[in-house]
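Have a look at the structure below, then the notes.
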Amino acid sequence: MAILIRLGDATDVDAAVSVYERSNLARRQGVWPNRAARVEGVRAHLRDPASSSWFLLANEGPALVGMASAEALRGEDGAGPVIPGDCFLNLLFIVPERWGEGIGGVILDAVLAEVKRRDYLRIHLWTDEDNERSHRLYRSRGFSPTGRTAGGEGEWAREI
């Protein structure tokens, strides 16, 4: 069955957050400090109509298998003004039982197409420095590390 990508809306937030939570629990092998606060932060972010964010869902038939969220990039580590032409990939998660099947690439391609449709020129993201699975995915789509690091994460970017 094919993976169908679609824009999410307010009725999809809880399902998207579930993918985020399940994936993080698996990646962290059940050890996730500040889990409740992080999950609620993502839920609030996806529900915030004032934010410039949007999210995509990946379905295979009725099953939700992945999600991604992006928004306009803001300076000052997200607290400053919007940087014209730049986008930030905030979240990209696949349900753990489907890792390694190429779903991440399908949803990332859809994110890149949506970023282009919205006339962004560059996309940025942060990922854990030890997450080789994500590094392989991002490299395969033309991202490269910028050299900025903080708190065990590194920034990656690419031109659109």
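Could you please tell me which pairs satisfy a Cβ distance under 7 Å, a separation of 6+ or placement on different chains, a first residue in the stretch 130-146 that is among the small types (Gly, Ala, Ser), and a second residue that is open to solvent by 30 Å² or more (accessible area, probe 1.4 Å) and in a helix (DSSP H, G or I)?
That search, which allows pairs on different chains as well, returns nothing.
Among the residues of the stretch 40-78, how many are open to solvent by less than 20 Å² (accessible area, probe 1.4 Å) and either among the aromatic types (Phe, Trp, Tyr) or in contact with a Pro (Cβ under 7 Å, 6 or more places away or on another chain) (or both)?
Looking only at that region, the number is 3.
Hey, can you tell me all the residues within the stretch 83-126 that are in contact with a Leu (Cβ under 7 Å, 6 or more places away or on another chain) and β-branched (Val, Ile, Thr)?
Once the filter is applied, which keeps residues that are in contact with a Leu (Cβ under 7 Å, 6 or more places away or on another chain) and β-branched (Val, Ile, Thr), the stretch 83-126 yields 83, 107, 111, 123.
If I filter the stretch 87-97 for residues that are at pLDDT 95 or above, open to solvent by 40 Å² or more (accessible area, probe 1.4 Å) and not in a strand (DSSP E or B), do I get at least one hit?
Looking through the stretch 87-97, at least one residue is at pLDDT 95 or above, open to solvent by 40 Å² or more (accessible area, probe 1.4 Å) and not in a strand (DSSP E or B).
Could you please find all residues in the stretch 25-66 being within 26 Å of residue 132 (Cα to Cα), in a helix (DSSP H, G or I) and either in contact with a strand residue (DSSP E or B) (Cβ under 7 Å, 6 or more places away or on another chain) or among the aliphatic types (A, V, I, L, M) (or both)?
25, 26, 36, 37, 39, 42
If you go through the stretch 1-17 one residue at a time, how many are surrounded by 15 or more Cβ atoms within 10 Å (Cβ to Cβ) and either within 15 Å of the chain's Cα centre (by Cα) or assigned to a helix (DSSP H, G or I) (or both)? Spell out the reasoning first.
Filtering the stretch 1-17 down to residues surrounded by 15 or more Cβ atoms within 10 Å (Cβ to Cβ) leaves 3, 5, 8, 12-13, 16-17.
Going one step further and asking which of them are either within 15 Å of the chain's Cα centre (by Cα) or assigned to a helix (DSSP H, G or I) (or both), we end up with 5, 8, 12-13, 16-17.
Number of matching residues: 6.
Residues 39, 17, 13: which one is modelled with pLDDT of 95 or more and over 28 Å from residue 116 (Cβ atoms)?
39
Count, please, the residues in the stretch 98-113 that happen to be open to solvent by 40 Å² or more (accessible area, probe 1.4 Å), small (Gly, Ala, Ser) and under 16 Å from the mean Cα position of the chain (by Cα). So that I can check it myself, show each step before the final result.
As a first pass, look at the stretch 98-113 and keep what is open to solvent by 40 Å² or more (accessible area, probe 1.4 Å): 98-102, 106, 109, 113.
Pick out the ones that are also small (Gly, Ala, Ser) and you get 100, 102, 113.
Restricting the remaining residues to those that are under 16 Å from the mean Cα position of the chain (by Cα) gives 102, 113.
Of the residues in that region, 2 qualify.
The values are calculated or read from the model by the stated rules, or taken from the named source; none is laboratory data. What you see is a predicted model; the values in this text were computed from it and never measured. Note: ideal-geometry Cβ built from the backbone for every residue, glycine included; neighbour counts use all protein chains shown. Keep in mind that these areas ignore ligands, DNA and RNA; they rest on the heavy atoms of the full protein, side chains included. Shrake-Rupley method; radii C 1.70, N 1.55, O 1.52, S 1.80 Å.
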